[in-house]
Amino acid sequence: MLDQFLLGLSVVLQPDVLIYAFFGVFIGQLIGVLPGVGAITAISLLLPVTFYLDATTSMILLAGIYYGSQYGGSIASILLNLPGTPSSVVTCLEGYPLAQSNRAGLALFVAAFSSFLGGMVGVSILVLAAIPMTVIALKFGAPEYAMLVILGLLAASMIGTGSQIRSFAMVALGIALGLVGADATTGYYRFVAMPELADGISLVSLAMGLFGVSEVIRNASQRAAVDAPALSIRMRDVFPTRAQARSLVFPIMRGSSIGSFFGALPGTGAAIASFMAYAVERRFSGTPAKFGKGHLPGLAAPESANNAASQTGFIPTLTLGVPGDAVMALIIGALILNGIIPGPRLMVDQPELFWGVIASFFVGNIILLMINIPLIKLWVLLLRIPYQKLYPVIVVMICVGVYSHRTSVTDVILTLVFGILGYVMKNYRFEPAPVLLGFVLGPLLEDNFRRTMLLYGGDFTIFLTRPISAVLVTCSGVLIVIGIWSSLNARRIAARS
Amino acid sequence: MANTENHADQNMASRAASGGVLLLAGLVMLFFAWGYPTGTLNQMGAGFIPQAIAILISGLAVAIIVIDLKAPEPERAGPVHWRGLIFISAAVIIFAVLVDVAGLVPSMFLAVAVSMFADHQARPVPVLIYTLLATFFGWLLFLVGLELPIPAFWR
């Protein structure tokens with residue numbers, strides 16, 4: 001395992017790869033800070049850029065944006081009470097009171113350092129789990145894959161935010177969009193309304209529309225009255241005292257464990273992990289009254305949790321090729337567009353890529369820690385950029401990015417269509433993220449399902465007689481029961497009140 | 001109570017609207033997928049999965065309509081950002097129409113300029129200055145830096 005990790009390090013430490021690792025985490029931190037731009041938007045925007053890079057550097061760049069944004073998100077939470085990312089919502093609860101009582105420097109440092117430790121725990125678990133997971137995954141045949149994809153899609157719609165049935169419908173819509181174009185097995189054209197659609201809908205169009213255009217439409221004329229505080233942080237105010245540092249050891253350990261667990265589960269991710277970590281910390285604290293008033297353990301635990309989760313989220317993505325959430329789906333999509341099929345063969349066939357990406361997380365977390373506090377003045381300056389100065393640039397980047405991908409005007413128009421769709425959907429409480437997940441996983445599901453039926457003569461019981469597949473079916477069944485039960489319960493509570 | 005009754009009728013339609021659109025999408029999909037070869041279970045045709053998914057979407061849409069109608073409190077759709085919708089759409093369409101004909105620089109210029117008016121506080125002079133700057137840096141990034149194979153101006 002150490003050998004493979006060192007191989008990975010040797011890949012990352014090449015100057016031309018390292019620069020992309022740096023770019024990735026830097027952009028990630030930047031967009032985490034910027035209000036109104038999230039990791040998924042930034043990754044969609046940079047998707048076309050990755051066609052000019054090789055697969056390893058693309059992955060390192062895009063992944064860096066993802067976990068880098070977790071660091072940046074806490075800065076806006078602490079200084080402005082504005083969560084930059086969904087996973088830093090709870091960071092506001094303790095971070096903002098700290099900033100108001102003139103301890104912003106301390107809060108930023110604790111957030112950054114807990115993030116770093118959480119990230120490191122997450123990477124370590126990823127390294128430890130990679131080989132065993134791949135060994136299991138290599139035993140997977142078509143039935144297991146089909147069931148795994150179904151489990152992942154169910155988990156994403158049952159556990160995520162919002163109504164389960166709406167999310168599930170959006171997963172189905174995503175699968176439907178993924179069907180457009182020539183059938184992979186028979187070449188039969190499906191839903192090809194115009195000749196340009198013969199190759200299918202482009203992931204770039206869908207992602208940029210759903211997450212780029214729709215957000216611009218929503219936010220363009222909204223002005224958040226944001227006044228970034230004039231910060232004068234002295235270096236000696238930044239570090240916690242010995243007693244404070246000691247009080248953070250267990251919260252960070254608990255937060256990292258919770259984060260690592262929820263990150264690796266399909267369907268859950270950094271946001272849920274940070275909420276759970278905060279709730280657990282509050283429950284187990286001897287002084288629950290201190291929470292909400294700038295209590296450092298309540299800041300450290302969720303910060304370590306969301307960063308641990310954003311690293312262990314790569315376990316299913318890299319070893320099984322099945323992404324757990326929409327960001328991972330985009331990263332997998334980038335890999336597929338680069339001509340690489342994700343899955344358990346990835347580690348065996350492309351060890352440089354596999355371990356290089358993992359080692360880049362290790363290096364990236366160190367870079368993030370180093371650029372976080374020293375560049376704090378830059379991040380505060382960025383907080384003052386109004387969205388109105390940002391979005392026209394985003395619009396042009398979307399247009400040029402989509403157009404340059406396949407030199408297709410149709411793709412640009414489709415992006416607008418998906419943008420309007422994403423905007424309207426969200427107005428009616430349909431989340432766009434499951435659409436993307438369904439779009440990326442749909443073809444995988446269809447291919448493996450049809451292959452299973454072909455191999456086993458149309459016998460559905462095969463899903464129950466093969467052990468791993470049976471376990472996956474059981475998990476899916478449990479998820480459905482939990483989903484129905486919790487939504488009925490929620491309605492009963494709503495009806496009673 | 002009487003108040004709720006009065007609102008009930010006009011609410012019915014708007015409550016069922018989002019699920020209704022989804023149901024329509026599912027049925028349209030089913031209509032087209034019906035003609036595709038279904039095949040048999042052990043030799044599935046190209047139409048099997050599309051038909052299954054179309055039926056799934058329609059079924060879920062019906063369930064969503066039922067849930068939305070039975071919900072004690074109608075959840076209101078958010079406000080529509082017409083300004084953003086109109087100007088951003090116009091900017092993207094202008095870009096799409098012009099980029100093949102007029103080249104990257106003019107289409108970027110117009111896309112930025114038009115999209116800036118999605119903000120209701122936009123004023124002509126700052127928009128012009130910002131647009132010129134943005135177009136210049138866009139040219140620098142896309143054509144000089146990334147060397148994208150798109151002509152800068154009309155051929």
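The values are calculated or read from the model by the stated rules, or taken from the named source; none is laboratory data. These numbers were taken from a predicted model, which means no experiment stands behind them. Backbone-built Cβ (ideal geometry, glycine too); neighbour counts: all protein chains shown.
Just name the residue that is modelled with the highest pLDDT out of those in region A:10-50 that are among the aliphatic types (A, V, I, L, M) and assigned to a loop (DSSP other than H, G, I, E, B). The selected residue is A:LEU13.
Across region B:8-32, which residue is farthest from A:ASP183 (Cα to Cα) among those that are touching a residue at least 40 places away in the same chain (Cβ under 8 Å) and facing another protein chain (nearest Cβ under 7 Å)? So the residue we want is B:SER18. Only one of the listed residues (A:GLY38, A:GLY24, A:GLY8) is under 20 Å from A:GLY212 (Cα atoms) and buried (at least 24 other Cβ atoms within 10 Å of the Cβ). That residue is A:GLY24. Restricting region A:422-432 to residues that are in contact with a Phe, Trp or Tyr (Cβ under 9 Å, 6 or more places away or on another chain) and surrounded by 22 or more Cβ atoms within 10 Å (Cβ to Cβ) leaves a set whose member that is farthest from A:ALA155 (Cα to Cα) is A:GLY422. For A:VAL478, the conditions (1) in contact (Cβ under 8 Å) with a residue 60 or more places away in the chain; (2) over 23 Å from the mean Cα position of the chain (by Cα) all hold with the exception of (1). Residue count for region A:420-476, restricted to those that are farther than 30 Å from B:ARG15 by Cβ, within 14 Å of chain B (Cβ to nearest Cβ), of a type in the set (A, V, I, L, M, F, W, C) and part of a helix (DSSP H, G or I): 9.
The residues on offer are A:ALA176, A:ALA156, and the sole one that is at the interface with chain B (Cβ under 10 Å from one of its Cβ atoms) and either under 24 Å from the mean Cα position of the chain (by Cα) or within 18 Å of A:LYS426 (Cα to Cα) (or both) is A:ALA176. The single condition from (1) touching a Gly at 6+ places or on another chain (Cβ under 7 Å); (2) farther than 30 Å from B:GLY26 by Cβ; (3) more than 10 Å from chain A (Cβ to nearest Cβ); (4) surrounded by 14 or more Cβ atoms within 10 Å (Cβ to Cβ) that B:PHE153 fails is (4). Could you look through region A:401-436, keep only residues that are in contact with a Leu (Cβ under 7 Å, 6 or more places away or on another chain) and at pLDDT below 90, and pick out the one that is nearest to A:ALA334 (Cα to Cα)? Once the filter is applied, the top-ranked residue is A:GLY401.
Sort out which residues of region B:55-93 are under 30 Å from B:GLY35 (Cα atoms) and either in a loop (DSSP other than H, G, I, E, B) or within 7 Å of chain A (Cβ to nearest Cβ) (or both), and write them in order of number. Once the filter is applied, which keeps residues that are under 30 Å from B:GLY35 (Cα atoms) and either in a loop (DSSP other than H, G, I, E, B) or within 7 Å of chain A (Cβ to nearest Cβ) (or both), region B:55-93 yields B:LEU56, B:ILE57, B:LEU60, B:ALA61, B:ALA63, B:ILE64. B:PRO149 meets all of the listed conditions (1) of a type outside the set (Lys, Arg); (2) touching a helix residue (DSSP H, G or I) at 6+ places or on another chain (Cβ under 7 Å); (3) in a loop (DSSP other than H, G, I, E, B) but one, namely (2). Restricting attention to region B:123-148, the residues being facing another protein chain (nearest Cβ under 8 Å) and under 28 Å from the mean Cα position of the chain (by Cα) number 6. For region B:33-53, give me each residue that is within 7 Å of chain A (Cβ to nearest Cβ) and touching a helix residue (DSSP H, G or I) at 6+ places or on another chain (Cβ under 8 Å). Across region B:33-53, the qualifying residues are B:TYR36, B:LEU41, B:ASN42, B:GLN43, B:MET44, B:ILE49, B:PRO50, B:ILE53.
Could you tell me whether region A:338-359 includes any residue that is within 23 Å of A:CYS92 (Cβ to Cβ) and in a helix (DSSP H, G or I)? Among the residues of region A:338-359, not one is within 23 Å of A:CYS92 (Cβ to Cβ) and in a helix (DSSP H, G or I), which makes the answer no. Filtered by the rule that a residue be within 20 Å of B:GLY35 (Cβ to Cβ) and touching a helix residue (DSSP H, G or I) at 6+ places or on another chain (Cβ under 6 Å), region A:192-205 gives a lone residue, A:VAL192.
Scanning region A:393-419 for residues that are more than 9 Å from chain B (Cβ to nearest Cβ) and part of a loop (DSSP other than H, G, I, E, B) gives a single hit, A:SER408. Within the set A:ALA305, A:ALA243, the sole residue that is part of a helix (DSSP H, G or I) and more than 29 Å from the chain's Cα centre (by Cα) turns out to be A:ALA243. Of all residues in region B:108-118, those that are surrounded by 23 or more Cβ atoms within 10 Å (Cβ to Cβ) and outside any helix (DSSP H, G or I) total 1. In region B:95-107, is there at least one residue being more than 8 Å from chain A (Cβ to nearest Cβ), surrounded by fewer than 19 Cβ atoms within 10 Å (Cβ to Cβ) and charged (D, E, K, R)? The answer is no; no qualifying residue exists.
Taking the listed residues A:LEU203, A:LEU138, the one that is under 23 Å from A:VAL37 (Cα atoms), surrounded by fewer than 24 Cβ atoms within 10 Å (Cβ to Cβ) and not basic (Lys, Arg) is A:LEU203, with no other qualifying. Looking at region A:94-111, can you tell me whether even one residue there is assigned to a loop (DSSP other than H, G, I, E, B) and not polar (S, T, N, Q)? The answer is yes; a qualifying residue exists.
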